[in-house]
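The values are calculated or read from the model by the stated rules, or taken from the named source; none is laboratory data. These figures come from a predicted structure and were not determined experimentally. Here the Cβ is made from the backbone with ideal geometry for all residues, glycine too, and neighbour counts use every protein chain on show.
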Amino acid sequence: MLKIVWNFGTAATLFFFTISLIVAIVFLFIKPNEWFGLRVKESLISPEIWHKVHVTSSICTIPFSLGFIAIMFIENSILKETIAFLVFLNLLIVYYAIPKLVTRKDVKMLNQKNANKLIDEIKKEKEERSKKIKTKEENNESNKQTKK
């Protein structure tokens, strides 16, 4: 029969489990802010992307939380602490990777929109310059004709 052996390893595992559970719940409802959340360049692009990143992170936290529950049944305290810490580090790595993976398509689309906007601005600027040059030439010609 499985039983939880209460020792320091169990306390550490319970601590990591509690943190992961709180994060999983809070990430579902968090709005962009200055203090809490996955505050990386990719997630700060827009509120929609922020929400998408945090909901995905919340869902990805569930297997780690279940892993912490399973770890509590390990009898060796040092082994339990070590595994719990490694699982928690892996969770942090996942939190770092998720914004990059989830927003890849959105960032690419946003970059394309910005590039198209810049191209349009360059075209408009060229047109304005050519109009200015044309009007200058016309003014010069009319000045020459009036002098004659």
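At a glance:
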read-out: Positions within segment 33-67 being at pLDDT 90 or above and touching a Leu at 6+ places or on another chain (Cβ under 8 Å), in sequence order; value: TRP50, VAL53, HIS54, VAL55, SER57, SER58, THR61, PHE64, SER65
read-out: Single match in LYS113, LYS100, LYS105, LYS131 (criterion: part of a helix (DSSP H, G or I), over 33 Å from the mean Cα position of the chain (by Cα) and more than 30 Å from VAL5 (Cα to Cα)); value: LYS131
read-out: Matching residues, segment 15-46, being surrounded by 11 or more Cβ atoms within 10 Å (Cβ to Cβ) and over 29 Å from ALA84 (Cα atoms); value: PRO32, LEU44, ILE45, SER46
read-out: Condition met for ILE59 (over 23 Å from ILE98 (Cβ atoms) and assigned to a helix (DSSP H, G or I)); value: no
read-out: Complete set of residues in segment 1-25 that are among the aliphatic types (A, V, I, L, M) and part of a helix (DSSP H, G or I); value: ALA11, ALA12, LEU14, ILE19, LEU21, ILE22, VAL23, ALA24, ILE25
read-out: Residue among PHE73, PHE68 that alone is surrounded by 13 or more Cβ atoms within 10 Å (Cβ to Cβ), of a type outside the set (Ser, Thr, Tyr), in contact (Cβ under 8 Å) with a residue 24 or more places away in the chain and not in a helix (DSSP H, G or I); value: PHE73
read-out: Unique residue being under 30 Å from ASN111 (Cβ atoms), in contact with an Asp or Glu (Cβ under 9 Å, 6 or more places away or on another chain) and among the hydrophobic types (A, V, I, L, M, F, W, C) when the list is ILE49, ILE59; value: ILE49
read-out: Residue that is nearest to the chain's Cα centre (by Cα), among those in segment 26-52 that are in a loop (DSSP other than H, G, I, E, B) and β-branched (Val, Ile, Thr); value: VAL40
read-out: Search result, residues across segment 76-97 that are in a helix (DSSP H, G or I), more than 27 Å from the chain's Cα centre (by Cα) and surrounded by 12 or more Cβ atoms within 10 Å (Cβ to Cβ); value: SER77, LEU79, LYS80, GLU81, THR82, ILE83
read-out: Test: residue in segment 110-127 that is under 30 Å from ILE74 (Cα atoms), surrounded by 10 or more Cβ atoms within 10 Å (Cβ to Cβ) and modelled with pLDDT of 85 or more; value: no
read-out: Every pair of residues 6+ apart whose Cβ atoms lie under 9 Å, when the first sits in segment 24-45 and is over 16 Å from LEU92 (Cα atoms) while the second is aliphatic (A, V, I, L, M) and part of a loop (DSSP other than H, G, I, E, B); value: PRO32/LEU44
